[in-house]
Amino acid sequence: MTRIIAGRAGSLTLEVPDAGTRPTSDRVRESLFGALESADALRGAAVLDLYAGSGALGLEAISRGARRADLVEKAPRAASVVQRNAARVSKAIGRDAAIDVHRASTASFLQTRRGPFDLVFIDPPYGLGDDELTAALRLLMPSLADDATVVVERASRSAAPVVPEGLTADRSKRYGDTTLWWYTATSGSAEGQPDPESQSR
């Protein structure tokens, strides 16, 4: 079990799929959402949660003021868990926000759906290859709003994501075995990786 940390659905318990997913820890989510709230990146945002797992990231955003969230999960059992969690959060906060759960692969969703999204969480299995992650980021680009924030969660042992033109590296932060990489959607930025010095910020 995990929980919504704060907001209108704060302390609500969420189910976690019994296998095949790796929920983001409460510590990492608390730090992540504290930074997003400080940047006023949640209120009224359209959110996309790819490789949703339990849906905890997208649903936390809804609890804290996002206006809509699309949760994408390919595994049937996990997608069913996301659907149940989404129903619980919807009931807790009322009808002020829209939550849609999509049982689809990230690639198929991005090839057929469009945003624009203001905030995107990408938390794939640690076993996902670097090339697959880059391909997903390329597919994501047409769905991003101007100045959208993209947060990628990877194992700390992994190399920095290689991102397509249009995403600018902002910062990264390590939490033990997990590292969060932050990007901003811009025009004309080149592929690249964050400055290693940003690790200490």
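No value in this document is a laboratory result; all are computed from the given coordinates. Owing to the predicted nature of the structure, the values given are computational and were not obtained by experimental measurement. Reconstructed Cβ throughout: ideal geometry from the backbone, glycine too, with neighbour counts over all protein chains shown.
Here are some notes:
- Flag for Ala61 being under 12 Å from the mean Cα position of the chain (by Cα), assigned to a helix (DSSP H, G or I) and within 12 Å of Leu119 (Cα to Cα): yes
- Index of the failed condition, Gly34 passing every other in (1) in contact (Cβ under 8 Å) with a residue 12 or more places away in the chain; (2) assigned to a helix (DSSP H, G or I); (3) within 28 Å of Asp170 (Cβ to Cβ); (4) more than 12 Å from the chain's Cα centre (by Cα): (1)
- Within segment 75-102, considering residues that are touching a Lys or Arg at 6+ places or on another chain (Cβ under 7 Å) and over 14 Å from Ser54 (Cβ atoms), the one surrounded by the most Cβ atoms within 10 Å (Cβ to Cβ): Ala97
- Residue match in segment 153-167 (condition: under 13 Å from the mean Cα position of the chain (by Cα) and either surrounded by 15 or more Cβ atoms within 10 Å (Cβ to Cβ) or not aromatic (Phe, Trp, Tyr) (or both)): yes
- Candidates in segment 49-70 are the residues that are more than 17 Å from Arg3 (Cβ to Cβ) and not small (Gly, Ala, Ser); of these, the one that is surrounded by the fewest Cβ atoms within 10 Å (Cβ to Cβ) is Arg67.
- Boolean, Gln83 is more than 30 Å from Ser11 (Cβ to Cβ) and either outside any strand (DSSP E or B) or in contact (Cβ under 8 Å) with a residue 60 or more places away in the chain (or both): no
- Scope segment 108-124; condition surrounded by 13 or more Cβ atoms within 10 Å (Cβ to Cβ) and over 23 Å from Ile62 (Cβ atoms); matching residues: Ser108
- In segment 1-48, residue surrounded by the fewest Cβ atoms within 10 Å (Cβ to Cβ) [restricted to those that are farther than 22 Å from Arg67 by Cα and in contact with a Pro (Cβ under 9 Å, 6 or more places away or on another chain)]: Gly20
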